1. How high is the relative contact order of the chain, in percent, counting Cα pairs under 8 Å that sit 6 or more residues apart?
2. Projected area of segment 161-338, taken from the Cα convex hull and averaged over every viewing direction, in nm²?
3. Once both axes come from the Cα atoms, what is the angle between helix 395-411 and the longest principal axis of the chain, in degrees from 0 to 90, rounded to 10?
4. So if each residue of separation counts as 0.36 nm, and I subtract the Cα-Cα distance between L361 and N42, what length gain in nm does that give?
5. Under a straight-distance cross-link criterion of Cα-Cα below 26 Å, which lysines are reachable from K231, leaving out those fewer than 8 residues away in the same chain?
6. In Å and from the alpha-carbon atoms only, list the Rg and Dmax of the chain.
7. Run the numbers for L52 and E296: contour at 0.36 nm per residue of separation, minus the present Cα-Cα distance, in nm.
8. Rounded to the nearest 10 degrees, what's the angle between the helix 188-199 long axis and the longest principal axis of the chain, both from Cα atoms, 0 to 90?
Amino acid sequence: MKIAFVTSSFYRGGITTYALEVIKALATDNEVYVIAGSVGDNTFETENVKVLNCESGDTSMANVRRLLQILNSVVRPDVIINSFSALMALAAPYVSNDVKIVTISHSKCFMEADIACANKRFVDYVIALSNFNAEYLRDKYDMPSEKLKVVYNFFGSTPDAGNILTAKLRRRPLRIVYAGGTAPAKNPGLVLRIINGLVDTDLEFEFIFLGGKQPPFHALQPFKSVEQLVKSDKRVTFTGKVNHETAKDIIASANIVLMPSRMEGCPMAMLEAMRTGCIVITSDDKTACREIVENEKIGVVVCGTNADDYARAIAQIVEHHDDYLEYYDRCHKAFLKNFSQDKWLRDMASIFSQSPMTHDLRRQSLTTFQYHMERCVLLAKLIVSRLQKIFMLQLPSAKALLLMYLKSHKNH
């Protein structure tokens, strides 16, 4: 099967990690064409993968013609996967009718959902990464149930998973990893308050704050790094931005993974930790985390946003670790059952093979006026979603961090 994987340029973060896993998984038995503006320094060590350049953020008429030329004349795919490409969303009505188009809603809402659901009449299926995500897409975009499929993210297996799991069971002190940097959706303000609560105790632990340290709206903040908001303590490490391999090793080594996310699709970092067994601490917000983490089975679900409640949950695990040993094994088994590469490939193969096609008859030629109208509508939606993201996530996060800074500055 020929598969065109159309995505945004490869940077850091979950969408890029997802792309790397999908390409690796699909390339085993399919011919995969990666269409992106840039794949960074990532190499694909298989002859089944070909990389073609087309900047997915450029929605100009010239660029959509280039993408359609690649798809309809060069690649001629059986399936197109749209992974956060506004260009592909706009090109969907002009793709050959016999091509199946599947789009991925990487986040429960905002721009990722807008792009996934754009031109839904011409798309065969939209993949929601959780049931909460699917519920949102049905309500917000009136997405027909027959087009909407829930498929969780996944990771390929780790050959050394057993040894990693054995090593972390013996490690002291326990390692706590938060893998979100200062991304507002990951709730960094709450994480920093949790850290401050932990360093006030005499608990033995190692806390790794993995990811960028620069606060939202950093140019307007009186501090340059969130590390300044935490009491200095040798038990806490801020890594800053690191390469994918380093991040992977840190996440795999975690005893406890802290995921108090507010707006998520299905976080790759959490699944990356689960594949070697861990204890997940997450919130009761409507995200994939809450669906995946069975409370008091593979992790702990904390109600509300009180940092002390999270700190107490961590302290309970650190002080009574022997009572939580079964969590690791159950977590690893849950990963193998629900979030493995084999499970994802089976789910996607089922979607690829379904018939009849559910999309409307696609247009034979690119009409300038119609394209520009659809482009304006999508760009307007993306601007609104961007503003919503700023006011609902980024500004509150920036404000919370500023208040933490002012409080700590006053105390000093």
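1. So the answer I get is 17 percent.
2. 9.7
3. 20
4. The L361-N42 span can extend by a further 111.2 nm.
5. Result set, ordered by chain and number: K186, K213, K241, K399, K407, K410.
6. 22.0, 69
7. Details: separation 244, 0.36 × 244 = 87.84 nm, distance 4.64 nm.
Working it through step by step, the gained length comes to 83.2 nm.
8. That helix lies at roughly 20 degrees to the long axis.
None of the figures in this text is laboratory data; all of them are computed from the coordinates on show. In this text the structure is predicted, and so the values were computed from the model without any measurement. Ideal geometry is used to build each Cβ from the backbone, glycine not excepted, and the neighbour counts take in all protein chains shown.
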